[in-house]
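Peer 1: First the structure, which I've put down as structure tokens, then a few questions once you've had a look.
The values are calculated or read from the model by the stated rules, or taken from the named source; none is laboratory data. Because the structure is predicted, anything quoted here is derived from the model rather than measured. When we count neighbours, we look across all protein chains shown, and the Cβ atoms used for this are built from the backbone with ideal geometry, even at glycine.
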Amino acid sequence: MAEPVQEEIIEFYRSGQHADAFVMQLDLEGGRLRRHEGMALQRLKTATGKNRVPLFACGVYQPLKGRLHASSEPVAELGCSYSEAILKLKDLREAADAPALTAYFADRLSKVLLKLLARGDFGTLRPVYVSPLPGAETGALPYGLSRVVESACALAGADFTYRPLVYRGAGVPSAHLTEAKREPATQVNSLMPLRDPAVRNRYVVLVDDVVSSGYTLRAAGELMNLYNEASARGLALAKTAATVRDQSGAEVL
């Protein structure tokens, strides 16, 4: 269980007051966090650092350009392509808007989590904690992704526990919402891991909607490993197509 002050920070974050939570966390443990940010950045800059946070994906995302979406994996139950479904999830604000959408991705995510469990990627300690990543533009947890991750954990069973563990004080500045937002320094400095004794020495799966360069997931994973002494894995609902700009090396399951 987190300490009382940490519990207050968690509640601030989950209620949407992520900027206030970020400041409180910095006031509480700013020195320790900054030291770990420096260490995480050094790890990300080394070739071996990429191997510390393995990345996986549930499918492939083809960025919209001409009619490329039409050529990606069709999803019959949603009446659109997998890439289009990803975009719809990004825009989701209310569960009632698209229950089939969240159900589809929750089922797909739960199956990948169980596949990783079955092949031994999560060792023997249980539960495995699963956390969505905050959005780069707003700094808040994306509504659609959060609902998908929470539902996927329920579907996957008692071996998995939904727990938001990473947040941002604010969104990445608009000037960086291009390739620059994927730079290691930008990601490490904008992410805030929540210190939670419950996840120490446990496996933590960090879930994002799309992985391109892998910097976001790996930066969050390195911070989680250092800050919570956990063993992080990165999992995206989709990786960008190899013919576009995929640099993550994420394994599609």
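Peer 1: Being at pLDDT below 95, over 18 Å from N225 (Cα atoms) and part of a helix (DSSP H, G or I) narrows it down to one of T138, T186, so name that one.
Peer 2: T186
Peer 1: If I go through the stretch 88-105 residue by residue, how many of them are at pLDDT 90 or above and either surrounded by 18 or more Cβ atoms within 10 Å (Cβ to Cβ) or outside any helix (DSSP H, G or I) (or both)?
Peer 2: Qualifying residue count for the region: 5.
Peer 1: Further, regarding this structure: Given (1) buried (at least 19 other Cβ atoms within 10 Å of the Cβ); (2) assigned to a helix (DSSP H, G or I); (3) of a type outside the set (S, T, Y); (4) modelled with pLDDT under 85, where does G144 come up short, assuming only one miss?
Peer 2: Among (1) buried (at least 19 other Cβ atoms within 10 Å of the Cβ); (2) assigned to a helix (DSSP H, G or I); (3) of a type outside the set (S, T, Y); (4) modelled with pLDDT under 85, the lone unmet condition for G144 is (4).
Peer 1: OK, next. Give me a count of the residues in the stretch 112-129 that are within 12 Å of S231 (Cα to Cα) and surrounded by 21 or more Cβ atoms within 10 Å (Cβ to Cβ).
Peer 2: Of the residues in the stretch 112-129, 3 are within 12 Å of S231 (Cα to Cα) and surrounded by 21 or more Cβ atoms within 10 Å (Cβ to Cβ).
Peer 1: Applying the selection to the stretch 194-204, what residues are surrounded by fewer than 24 Cβ atoms within 10 Å (Cβ to Cβ) and part of a strand (DSSP E or B)?
Peer 2: Residue satisfying the conditions is Y203 alone.
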